[in-house]
Amino acid sequence: MSSVNEVINTTEKEVKDTVDFKMVTFSLAGKDYSIDIMKVKEISNANRFTFVPNSLPFVKGVYNLRGDIISIIDLRIMFNLPVAEVTDKSLENLIILRLDDYQLGILVDSIDKVVGINSASIQPPHPIFGDINIKFIQGVVEHDERLYVILDVEKIFGQDEEFEMITPPQESYSASGADSPFGRTVKTAGDSGNLDYSFIIENLKTFKKFTVSGINKEWFDRRFAEWIKLKGSNTEELQLKSESDADLFLSGFFSIATGRFWDDTLLSAFEKILPDFRKNTVSVWNPGCGNGYETYSAAAVLFKKYAGASIKIWASDNDLLSISNAPNLVFKRESLPEILEEYTTESTTGLQFNQVLKDVILFEYHNAMHPNPFMEVDIIIARDLLSFMNTNDQAHLVKEFEDKLRPGGLLVIGNNERINSTRFKYIGNSHITGYIHE
Amino acid sequence: MRVEYINPFVEAAFNVLKEVLTSDVKRGELYLKSTTQPVMGVAALVGLAGNVEGRVLFDMSIETALAIASDMNGEKLEQMDDLAKATITELANMITAQAVTKLHELGFTFDLTPPAIFTGENMEVTDSEVEALIVPMELSYGKVEINVAVRERV
């Protein structure tokens, strides 16, 4: 037994001793960070960078490195950390990075040394990391009783398509700046507004898979301004640190009557925008139907509007737990809108819908991104579904809606969602967002 | 995949495996797939027809298949011979039949095709325009994945 332990100990020691990852360590606001040495071209001291007008706040300017012009980025401003006063003569610590296709200089508080570690000892970052967005952290490693946060420079500076998207609009920039009563700091407040904006977008994605895009940008900008009013412009307070913060931020986003039966105003708003189809069959696709409350509510309106036509609703969700309950939904009479009353029946487990209503709805466990069997539908109801997909999936699904919806058909999306497409004409109101496919 | 179909398959797989094997049976997390999927080494396939069209695929590695066949026969089988194949085929038949019986009680009528068994390395399965429900079952001999791809007739 002891010999086995010895073997284990030696192997562990060997693993620890083999150095296969070297990193340059430095400090930002008193904490230790590091960058993979393979990304670092050189280290230098410099000052008086050439200012570039109209650049992002964390861009210090450009610098002439032996004939090559490189951009200089202040990592402290980028990560919302305090910047020490610089006198004109003092030199600042500069790390020159060599990324895939260009070079870049970053300013840090002080550069420490090169540390060699074994890459197996790098641990993944914890989701609740303070100052720096978790996406930008490659891992955390301990060396000589100091913890180093390894920054993923490719992710931070890589030319990501989404970068374009998280660049905030001019309005919110000036709005947050104007809130600040201090003359000199107006610019700084505006700068952090910039970063808060993109960090909140990142955090919504991390915690709730909520993607800010053209679909919901209008709502997001409005909510961001509200959020600043609510929390003050202090960065610390503004950040979404946990899932419950993200829930709070999103609280106003969800459409009217999410997760319950539609109320009378919504039912009549829906009925009003339903097109007149002169045919005997009406087919409906309801992806992301959840527990099925909206499917049943919509079905009752369709029965009323298209009396005599044969109605077929194809409802699906990729959450197994919600969708499993949908076919045999049990509910209380008080929560039921009047229009659905004629379709109920008492069962052993409680009040349920009767076969007339159930027969027109087919609930499926289905991922909306996967192919589906039907050719064309007349109505698509997909409230608050697109916002919870990444931008690629959003584009794919909007395209799918264009392909699968018949000309003249109706598309319903979330109250706070909008589609910008020449093929969809807006006909909604404050209760419902609808589009007619042209 | 229609919600009502899911449970019968999960229950039948669990009950049958529990009944015929001495191993512990644990159900894994269900999920959906629509792309081409690799097959582990032994695949038993049962076709479905009637109200629906589709198939059920039982997928496991050769080692797992041999351990299951040995357990069911009460003797140690060393290679994928006729007896081992017949045993896996029978297991696939039992599970699918029990699921279809349960579905029949709920009012859905399906017919089964005789099972076919495929063995080999580096195999893949692709379903066109149907997504597959994956029901993973963890046995002490390894993992058996039950891959159900059915759709309503339109």
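Only strands (runs of 3 or more DSSP E) whose full extent lies in the stretch A:372-438 are considered here, and the ones with at least 2 residues that are among the β-branched types (Val, Ile, Thr) are A:377-382, A:405-413, A:433-437. Could you go through the stretch B:3-12 and let me know if any residue there is in contact with an Asp or Glu (Cβ under 8 Å, 6 or more places away or on another chain) and either farther than 24 Å from B:Ile68 by Cα or within 14 Å of another protein chain (Cβ to nearest Cβ) (or both). Yes, some residue in the stretch B:3-12 is in contact with an Asp or Glu (Cβ under 8 Å, 6 or more places away or on another chain) and either farther than 24 Å from B:Ile68 by Cα or within 14 Å of another protein chain (Cβ to nearest Cβ) (or both).
Would you pick out the residues in the stretch A:247-284 that are of a type in the set (Gly, Ala, Ser) and open to solvent by 10 Å² or more (accessible area, probe 1.4 Å)? Reasoning before the result, please.
We begin by selecting, within the stretch A:247-284, every residue of a type in the set (Gly, Ala, Ser); these are A:251-252, A:255, A:257, A:259, A:268-269, A:283.
Listed by number, the residues that qualify are A:Ser251, A:Gly252, A:Gly259, A:Ser268, A:Ser283.
At least 3 residues that are of a type in the set (A, V, I, L, M) and surrounded by 13 or more Cβ atoms within 10 Å (Cβ to Cβ) in each: list the strands (runs of 3 or more DSSP E) lying fully within the stretch A:25-77 that qualify. Per the criteria, A:40-46, A:59-65, A:68-74. Taken as a whole, the condition of being within 14 Å of chain B (Cβ to nearest Cβ), open to solvent by 10 Å² or more (accessible area, probe 1.4 Å) and either in a strand (DSSP E or B) or in contact with a Leu (Cβ under 7 Å, 6 or more places away or on another chain) (or both) does not apply to A:Asn328.
Would you say B:Val52 is closer than 29 Å to A:Met375 by Cβ, within 14 Å of chain A (Cβ to nearest Cβ) and touching a residue at least 24 places away in the same chain (Cβ under 8 Å)? Even if it seems obvious, please write down each step before you answer.
Values: closer than 29 Å to A:Met375 by Cβ: yes; within 14 Å of chain A (Cβ to nearest Cβ): yes; touching a residue at least 24 places away in the same chain (Cβ under 8 Å): yes.
Against the criterion (closer than 29 Å to A:Met375 by Cβ, within 14 Å of chain A (Cβ to nearest Cβ) and touching a residue at least 24 places away in the same chain (Cβ under 8 Å)), B:Val52 qualifies.
Table: residues versus (1) among the hydrophobic types (A, V, I, L, M, F, W, C); (2) open to solvent by 30 Å² or more (accessible area, probe 1.4 Å); (3) modelled with pLDDT under 90.
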{"residue": "B:Met1", "(1), (2), (3)": "yes, no, yes"}
{"residue": "B:Leu17", "(1), (2), (3)": "yes, no, no"}
{"residue": "B:Val52", "(1), (2), (3)": "yes, no, yes"}
{"residue": "B:Asp82", "(1), (2), (3)": "no, yes, no"}
{"residue": "B:Lys85", "(1), (2), (3)": "no, yes, no"}
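Given the condition within 14 Å of another protein chain (Cβ to nearest Cβ), within 21 Å of A:Ile432 (Cβ to Cβ) and either among the acidic types (Asp, Glu) or open to solvent by 20 Å² or more (accessible area, probe 1.4 Å) (or both), answer yes or no: does some residue in the stretch A:378-388 qualify?
Narrowing the stretch A:378-388 to residues within 14 Å of another protein chain (Cβ to nearest Cβ): none.
Within the stretch A:378-388 (the criterion being within 14 Å of another protein chain (Cβ to nearest Cβ), within 21 Å of A:Ile432 (Cβ to Cβ) and either among the acidic types (Asp, Glu) or open to solvent by 20 Å² or more (accessible area, probe 1.4 Å) (or both)), the answer is no, since none of the residues qualifies.
The set of residues in the stretch A:273-293 being assigned to a strand (DSSP E or B) and among the hydrophobic types (A, V, I, L, M, F, W, C) consists of A:Val282, A:Val284, A:Trp285.
Please find, among A:Phe424, A:Phe363, A:Phe353, the residue that is surrounded by 15 or more Cβ atoms within 10 Å (Cβ to Cβ), within 22 Å of A:Ser283 (Cβ to Cβ) and in contact with a Pro (Cβ under 6 Å, 6 or more places away or on another chain).
Numbers: A:Phe424 fails: in contact with a Pro (Cβ under 6 Å, 6 or more places away or on another chain); A:Phe353 fails: in contact with a Pro (Cβ under 6 Å, 6 or more places away or on another chain).
Every option except A:Phe363 fails the conditions.
Regarding the stretch A:308-317, can at least one residue be identified that is under 26 Å from A:Asp403 (Cα atoms), within 27 Å of the chain's Cα centre (by Cα), within 14 Å of chain B (Cβ to nearest Cβ) and β-branched (Val, Ile, Thr)? Scanning the stretch A:308-317, I find no residue that is under 26 Å from A:Asp403 (Cα atoms), within 27 Å of the chain's Cα centre (by Cα), within 14 Å of chain B (Cβ to nearest Cβ) and β-branched (Val, Ile, Thr), so the answer is no.
If we scan the stretch B:93-104, do we find a residue that is over 17 Å from the mean Cα position of the chain (by Cα) and surrounded by 18 or more Cβ atoms within 10 Å (Cβ to Cβ)?
Pass one, the stretch B:93-104, residues over 17 Å from the mean Cα position of the chain (by Cα): B:104.
Right, trim to surrounded by 18 or more Cβ atoms within 10 Å (Cβ to Cβ) and you get none.
Checked the stretch B:93-104: no residue is over 17 Å from the mean Cα position of the chain (by Cα) and surrounded by 18 or more Cβ atoms within 10 Å (Cβ to Cβ).
Suppose the filter is at pLDDT below 90 and within 15 Å of A:Asn415 (Cα to Cα); does A:Gly290 pass it? I'd like the intermediate steps shown before the answer.
Details: at pLDDT below 90: yes; within 15 Å of A:Asn415 (Cα to Cα): no.
No: the conditions fail for A:Gly290.
Restricting A:Lys304, A:Lys358 to those that are open to solvent by 10 Å² or more (accessible area, probe 1.4 Å), within 14 Å of chain B (Cβ to nearest Cβ) and outside any loop (DSSP other than H, G, I, E, B) reduces the list to A:Lys358.
Checked against (1) touching a residue at least 40 places away in the same chain (Cβ under 8 Å); (2) in contact with a strand residue (DSSP E or B) (Cβ under 6 Å, 6 or more places away or on another chain), B:Met72 passes all but a single condition, namely (2). For beta carbons closer than 8 Å, sequence separation of 6+ or different chains, a first residue in the stretch A:289-306 that is at positive phi and a second that is surrounded by 21 or more Cβ atoms within 10 Å (Cβ to Cβ) and of a type in the set (A, V, I, L, M, F, W, C), the qualifying pairs are A:Gly290/A:Ile323; A:Gly290/A:Ala326; A:Gly292/A:Ala315; A:Gly292/A:Ile323; A:Gly292/A:Ala326; A:Gly292/A:Ile361; A:Gly292/A:Phe363.
The values are calculated or read from the model by the stated rules, or taken from the named source; none is laboratory data. Only a predicted model underlies this, so the values are computations on that prediction, with no experimental measurement involved. FYI the Cβ positions are ideal-geometry reconstructions off the backbone, even for glycines, and counts take in every protein chain you see. For the accessible areas, the whole protein counts, side chains as well, though only heavy atoms, and no ligand, DNA or RNA atoms are used. Shrake-Rupley method; radii C 1.70, N 1.55, O 1.52, S 1.80 Å.
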